[in-house]
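Visitor: Here you go, one structure.
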Amino acid sequence: MENSNQTKTFNNIGKAIKDARNKKGLTQKEFSKEIGIGNEWLCRLENGNANNTSITTMLKIAEYLEVDLNIDIYGKSLNT
């Protein structure tokens, strides 16, 4: 079961992805096709409901949107 911090994190990630996608002028359908995931999955991700998205998919998203993927592991920030 997710705690409130996890839910907030997934919601923030989803909003950031949606905002970056919109800045590029892409629809969900266009973007999901470009990165190779289903449109329904992207919708769930943007709404904070895809908490088991692979790191590989997250890296594809970050690369395509030309944004950094910041990961905080054990108090050390890793920027990709």
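Visitor: Open to solvent by 60 Å² or more (accessible area, probe 1.4 Å) and either within 11 Å of the chain's Cα centre (by Cα) or in contact (Cβ under 8 Å) with a residue 40 or more places away in the chain (or both), is that true of Asn70?
Guide: Values: open to solvent by 60 Å² or more (accessible area, probe 1.4 Å): yes; either within 11 Å of the chain's Cα centre (by Cα) or in contact (Cβ under 8 Å) with a residue 40 or more places away in the chain (or both): no.
No.
Visitor: Just the residues that are among the polar types (S, T, N, Q), assigned to a helix (DSSP H, G or I), at pLDDT below 95 and over 12 Å from the mean Cα position of the chain (by Cα), please, taken from the stretch 1-38.
Guide: Scanning the stretch 1-38 gives Ser4, Asn5, Gln6, Thr7.
Visitor: What number of residues within the stretch 39-52 satisfy the criterion of being at pLDDT 90 or above, in contact with a helix residue (DSSP H, G or I) (Cβ under 8 Å, 6 or more places away or on another chain) and under 17 Å from Asn11 (Cβ atoms)?
Guide: Qualifying residue count, the stretch 39-52: 8.
The values are calculated or read from the model by the stated rules, or taken from the named source; none is laboratory data. Note that the structure is a prediction, hence the values are computed from the model and not measured. Heads up, the Cβs are rebuilt from the backbone with ideal geometry, glycines too, and the neighbour counts pull from every protein chain shown. We work out accessible area using only protein heavy atoms, side chains counted, and drop any ligands, DNA or RNA first. Shrake-Rupley method; radii C 1.70, N 1.55, O 1.52, S 1.80 Å.
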